[in-house]
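Note sheet for the following structure.
Just so it is clear, none of the values below were taken in a lab; they were calculated from the coordinates. Quantities reported herein were computed from a predicted structural model and do not represent experimental measurements. So basically every Cβ, Gly included, is an ideal-geometry build from the backbone, and we count neighbours across all protein chains shown.
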Amino acid sequence: MKRHLISAADLTRDDAVLILDTAEEMARVADRPIKKLPALRGRTVCNLFFEDSTRTRISFEAAEKRLSADVINFAAKGSSVSKGESLKDTAQTLEAMGVDAVVIRHGASGAPYRLATSGWIDAPVINAGDGTHQHPTQALLDAFTMRRRLVGPDAGLGRDLDGKRITLVGDVLHSRVARSNVDLLHTLGAEVTLVAPPTLVPVGVETWPCEVSYDLDSVLPKSDAVMMLRVQRERMNAAFFPTEREYSRRYGLDADRMSRMPGHAIVMHPGPMVRGMEITAEVADSDRCTAVEQVANGVSVRMAVLYLLLGGNEPAVTHPRTEEK
Amino acid sequence: MSKILIRGAKVLGGAPQDVLIDGESIEAVGTDLSAEGAEVVEAAGKVLLPGLVDLHTHLREPGREDSETVLTGTRAAASGGYTAVFAMANTFPVADTAGVVEQVYRLGKEHGYCDVQPIGAVTVGLEGKKLAELGAMHESAAGVTVFSDDGKCVDDAVIMRRALEYVKAFGGVVAQHAQEPRLTEGAQMNEGVVSAELGLGGWPAVAEESIIARDVLLAEHVGSRVHICHLSTAGSVEIVRWAKSRGIDVTAEVTPHHLLLTDELVRSYNPVYKVNPPLRTERDVLALREALADGTIDIVATDHAPHPHEDKDCEWAAAAMGMVGLETALSVVQHTMVETGLLDWAGVADRMSAAPARIGQLAGHGRPVSAGEPANLTLVDSAYRGEVDPAGFASRSRNTPYEGRELPGRVTHTFLRGRATLVDGNLA
């Protein structure tokens with residue numbers, strides 16, 4: 001595995017399976033009375049968030065604390081960044097304070113890559129979402145959720161998502177979740193289909209390892225998992241689609257559409273959901289929707305990533321089953 | 001004035017000849033000219049060209065002297081073999097009045113490294129709303145003949161039409177930065193396969209091509225001349241080719257970087273590759289080279305755009321657009337055009353000296369290397385190979401995309417009206 005986690009495309013199939021298997025081990029920690037491992041004791045991780053994100057930051061923070069790391073949270077709002085300090089200066093300041101890893105969320109695509117490759121700092125960099133580029137830990141937690149649900153928590157160990165049919169629906173153009181998922185799911189052997197109005201599919205998509213469809217209803221019966229992407233209401237002001245109602249009618253997931261999915265198929269959403277837009281409340285609250293489960297899995301996956309990037313290669317948890325392998 | 005004998009240079013890449021400079025002019029061109037009373041420059045194996053002329057330079061003064069001044073920019077020009085540069089109008093304040101263009105003109109004269117011909121803004125403050133006093137700038141001491149809102153497009157079709165018509169009264173030309181603004185809101189790089197992967201806002205080719213198509217039709221309709229700045233796409237080439245075949249009075253320029261670099265480089269997210277118009281695809285690069293060779297594109301212009309280090313040492317979205325180019329232009333043209341067999345040195349002299357001087361109506365530049373002509377000359381060691389080292393630049397800025405890249409050719413001498421501004425690669 002590389003030193004940094006910038007893009008889901010950086011992961012090989014074996015890297016990704018190792019992370020998912022490690023995440024399974026980490027998930028077991030959450031079932032213990034004391035949800036803590038000593039793996040990163042004495043290490044300092046900085047969550048460097050230049051963009052508002054409560055969910056992802058809390059998820060990383062929970063993962064870091066469960067691994068006993070010391071955590072520094074840095075939010076751009078109210079910080080020296082608003083006074084014009086550059087990304088470079090901020091990162092160097094933090095490193096001077098002895099940070100062992102930087103988790104970065106940034107509104108500019110490529111900011112984590114710049115941070116990792118410009119010689120500004122030495123610490124490993126984990127991308128927690130950059131612009132409309134990548135969000136690799138989100139893709140990992142999505143893959144983890146799919147493997148658990150579609151293959152099984154135990155049966156899935158050591159395995160990928162070979163042959164699973166995954167459909168992503170919504171604002172692909174502005175979505176780092178879509179880009180990361182296409183890369184990772186392809187690496188894991190899944191067949192990915194993107195569904196969106198043509199205005200929300202990027203020019204250049206033809207080289208992506210996936211299919212593109214404009215017709216949700218034709219794709220649903222052939223899907224093992226359907227991931228709904230958030231669609232911001234403001235998009236209609238830029239003429240990406242005419243109205244919220246028309247969007248919902250053509251690309252929203254309601255109970256009627258959900259019933260056309262195979263019985264075993266799941267509905268996923270990276271959150272935050274816009275209920276009534278891309279997903280109805282009925283679907284969001286159904287047993288088939290894994291949105292809440294994804295949040296829980298996010299902590300396990302982020303623990304696995306932090307552990308593997310920072311903690312070395314010894315097993316995280318001694319467990320009889322891992323020794324058998 | 002002293003005499004200088006340039007001995008044994010391949011004039012325009014041809015057979016070795018001697019060129020004798022007396023005062024400000026070329027006295028004689030021939031073989032075995034007498035060196036008596038003359039300082040001798042041994043030029044065996046080197047190529048002698050007319051002094052290069054850049055129709056598109058950002059000198060940044062007044063207003064952004066932290067990135068470049070008329071002095072540092074003209075020193076960079078002399079280093080790159082240029083004897084004249086046209087200074088773009090997007091300074092602070094904007095060069096939209098006779099006062100500002102005269103200031104820039106005067107600074108160029110005072111420093112003496114190369115002639116500085118100011119370009120006037122088309123509209124007040126480059127805002128695209130109201131015509132600047134084009135006539136007053138033309139009648140000023142600077143004698144402005146080229147007008148451009150470069151950096152911004154004159155996107156209003158009526159304003160563009162009026163500007164094209166108005167400058168006919170004094171033989172001016174409008175140089176258009178072709179960029180449809182609505183199609184390029186938030187644009188960060190060429191729209192295509194790479195932008196889709198990188199998640200950077202796309203700058204589609206059609207945003208350039210649609211403006212060029214409109215403007216050549218406007219020029220035809222009102223019987224005016226139009227010049228297209230930094231043409232960057234294969235589609236733009238087709239439109240200009242069509243317009244020329246139709247007899248429309250259009251000229252076009254290409255930058256050295258668009259002849260060599262592609263949007264694949266943006267994968268590094270290194271803002272040194274961030275430029276406007278953006279780096280395009282390999283297909284575009286090849287079409288541009290071919291168009292420059294066949295004359296569809298008339299000239300190479302650098303779009304030399306200096307920026308301070310901090311404006312490039314940051315994340316892509318926060319970075320400024322632009323690259324310095326004066327000191328590497330000839331090397332890139334040698335690499336992409338001469339060494340590929342697309343253009344000979346006489347062709348280079350046309351595209352980088354004669355044609356830009358003609359488009360900008362600049363007297364005394366871009367002339368043949370022959371007796372009686374002004375001694376504006378550039379001597380090139382075309383056999384040289386070396387890595388680009390920005391630390392050696394005369395420009396105040398270092399934002400070159402070629403750092404560490406091996407490029408051929410090195411300008412050793414530049415003469416401005418008989419006076420050496422560059423000697424053995426060192427500024428005089």
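Computed values, structure above
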{"read-out": "Choice from B:Arg289, B:Arg162, B:Arg75 with maximal GNM fluctuation in chain B (Cα, 10 Å cutoff)", "value": "B:Arg162"}
{"read-out": "Rounded D (µm²/s) - the protein assembly as shown, Kirkwood Rh over Cα pairs, Stokes-Einstein at 4 °C, 1.567 mPa s", "value": "45"}
{"read-out": "Whether segment A:139-270 is rounded, prolate or oblate, judged on the alpha carbon gyration tensor where a/c under 1.5 counts as rounded", "value": "prolate"}
{"read-out": "FRET efficiency estimate (nearest 0.05) - Cβ-Cβ, B:Asp344 to A:Arg13, R0 60 angstrom", "value": "0.70"}
{"read-out": "Range in chain B, longest, excluding exposed GluC sites (Glu not before Pro) [loop by DSSP; at most 12 other beta-carbon atoms within 10 Å]", "value": "B:186-428"}
{"read-out": "Shape of chain A, Cα gyration tensor, a/c cut at 1.5", "value": "oblate"}
{"read-out": "Rounded, prolate or oblate (a/c below 1.5 giving rounded, otherwise prolate when a/b exceeds b/c) for segment A:1-59 by Cα gyration tensor", "value": "oblate"}
{"read-out": "Average beta carbon contacts from partner chains per residue of B:196-207, 10 Å cutoff", "value": "5"}
{"read-out": "Counting DSSP beta bridges with both ends in chain B, the antiparallel % (nearest 5)", "value": "50"}
{"read-out": "Residues A:Arg149, A:Arg250, sorted so that the one with the fewest Cβ neighbours within 10 Å comes first", "value": "A:Arg250, A:Arg149"}
{"read-out": "Ellipticity estimate at 222 nm from DSSP helix runs (n ≥ 4, -39,500 (n - 2.57)) divided over chain A, nearest 500", "value": "-10500 deg cm²/dmol"}
{"read-out": "Residues listed by number, segment B:320-346, amide nitrogen under 20 Å from B:Tyr384 label point at 7 Å toward C-beta", "value": "B:324-340, B:345-346"}
{"read-out": "Only Lys, Arg (+1) and Asp, Glu (-1) charged, at Cβ; chain B dipole about Cα centre in debye", "value": "520"}
{"read-out": "Equivalent ellipsoid semi-axes, chain B, via Cα gyration tensor eigenvalues times 5, rooted, Å", "value": "33, 24, 21"}
{"read-out": "FRET E, pair B:Arg106, A:Ala75, Förster distance 56 Å, beta-carbon r, rounded to 0.05", "value": "0.65"}
{"read-out": "Cβ-Cβ FRET estimate between B:Glu264 and B:Glu36, R0 fixed at 60 Å, reported to 0.05", "value": "0.60"}
{"read-out": "Ranking of A:Asp130, A:Asp160, A:Asp31, A:Asp52 by count of other Cβ atoms within 10 Å, fewest first", "value": "A:Asp31, A:Asp52, A:Asp160, A:Asp130"}
{"read-out": "Inter-label distance, nm, simple model (7 Å from Cα along the C-beta direction), A:Asp285/A:Val151", "value": "3.4"}
{"read-out": "Residue of B:Leu12, B:Leu342, B:Leu362 that the Gaussian network model of chain B assigns the largest fluctuation, springs spanning Cα pairs under 10 Å", "value": "B:Leu342"}
{"read-out": "Residue with peak Gaussian network fluctuation, chain B [Cα springs, cutoff 10 Å], from B:Arg241, B:Arg267, B:Arg358", "value": "B:Arg267"}
{"read-out": "Label point distance in nm, A:Glu246-A:Asp162, each placed 7 Å from Cα along Cα→Cβ", "value": "4.5"}
{"read-out": "Other-chain or far-sequence residues with amide H under 5 Å of B:Lys46's (modelled H)", "value": "B:Lys10"}
{"read-out": "Per-residue [θ]222 nm for chain B (sum of -39500 (n - 2.57) over DSSP H runs n ≥ 4, rounded to 500)", "value": "-7000 deg cm²/dmol"}
{"read-out": "Extended-chain gain in nm, criterion 0.36 nm per residue less alpha-carbon gap, A:Asp256 and A:Glu234", "value": "5.3 nm"}
{"read-out": "Nitroxide proxy distance, nm - points 7 Å out along Cα→Cβ at A:Met97 and A:Asp217", "value": "5.6"}
{"read-out": "Fewest-first sequence of B:Ser331, B:Ser395, B:Ser245, A:Ser213 by Cβ atoms within 10 Å of each Cβ", "value": "B:Ser245, A:Ser213, B:Ser395, B:Ser331"}
